[in-house]
1. Would you tally the residues in the stretch 148-180 being without any contact (Cβ under 8 Å) to a residue 40 or more places away in the chain, part of a helix (DSSP H, G or I) and either among the small types (Gly, Ala, Ser) or within 15 Å of residue 70 (Cβ to Cβ) (or both)?
2. Just the residues that are hydrophobic (A, V, I, L, M, F, W, C) and closer than 17 Å to residue 177 by Cβ, please, taken from the stretch 58-77.
3. So how many residues does the stretch 128-148 have that are more than 18 Å from residue 83 (Cβ to Cβ) and either at pLDDT below 90 or of a type in the set (A, V, I, L, M) (or both)?
4. For residues that are over 14 Å from residue 166 (Cα atoms), out of contact with any helix residue (DSSP H, G or I) (no Cβ under 6 Å at 6 or more places or on another chain) and part of a helix (DSSP H, G or I), tally how many sit in the stretch 54-77.
5. Going by what's in this entry, would residue 64 be described as surrounded by fewer than 19 Cβ atoms within 10 Å (Cβ to Cβ), free of Cβ contacts under 8 Å to residues at least 12 places away in the same chain and more than 17 Å from the chain's Cα centre (by Cα)?
6. So, in the stretch 1-44, of the ones that are among the aromatic types (Phe, Trp, Tyr) and either modelled with pLDDT under 95 or assigned to a loop (DSSP other than H, G, I, E, B) (or both), which residue ends up nearest to the chain's Cα centre (by Cα)?
Amino acid sequence: MAASVEEKGYRDTTVADVVRIARTSRRTFYEQFADRADCFLALFDTTNDRVIAAIVEAVDPADDWERQVDQALGTYLDAVAASPALYQSFVRELPALGERGATHQLAVIERFARQLVELVELGRREQPSLGGRPLTFDMAVMIVGGVRELMVIAAQQGRDVRDLRPAIAAVVNAIVAGAVVSA
């Protein structure tokens, strides 16, 4: 599914394309997925789970929090830049799947937000001098949603999402600093 979506987008991808690229049968496909949308949603979930795992792996909680933000952003933006058509498809095509797409999108936003909260909390435990209050889930959702929307706009403008790193880092650092510094 990923290869076909990268090549021609989700709308133009057929089950025949997927089974041809995967060198499998329609029967095998339908043993795994209810339909083409089910396969696309599984790809969306798996792709985002991998990115979240890569971010966790990249962030060193012993580093200062600005460096941790940079590590997380670099990993995320590099993943998106490595498969731009796939990520564009997620943004453009997921809403067309109605409630199923919306449910998966919300779940991924929540997973990214929870992971961000956990990373900040881990950083606070590793560096007690940060003190302050934790990053809240609502704050994390605003960060995740804001980053996502900025990336959508940049992609529509034909900009490289990696160029957004300084702006995103500045905002995230300001929010995280406010969470961990204020009491």
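The values are calculated or read from the model by the stated rules, or taken from the named source; none is laboratory data. On a predicted model such as this, the values are computed, not experimentally measured, just so you know. Every residue, glycine as well, gets a Cβ built from its backbone with ideal geometry; the counts of neighbours run over all protein chains shown.
1. 8
2. Once the filter is applied, which keeps residues that are hydrophobic (A, V, I, L, M, F, W, C) and closer than 17 Å to residue 177 by Cβ, the stretch 58-77 yields 59, 65, 69, 72, 73.
3. So the count comes out to 14.
4. Summing the residues that are over 14 Å from residue 166 (Cα atoms), out of contact with any helix residue (DSSP H, G or I) (no Cβ under 6 Å at 6 or more places or on another chain) and part of a helix (DSSP H, G or I) in the stretch 54-77 gives 2.
5. no
6. 10
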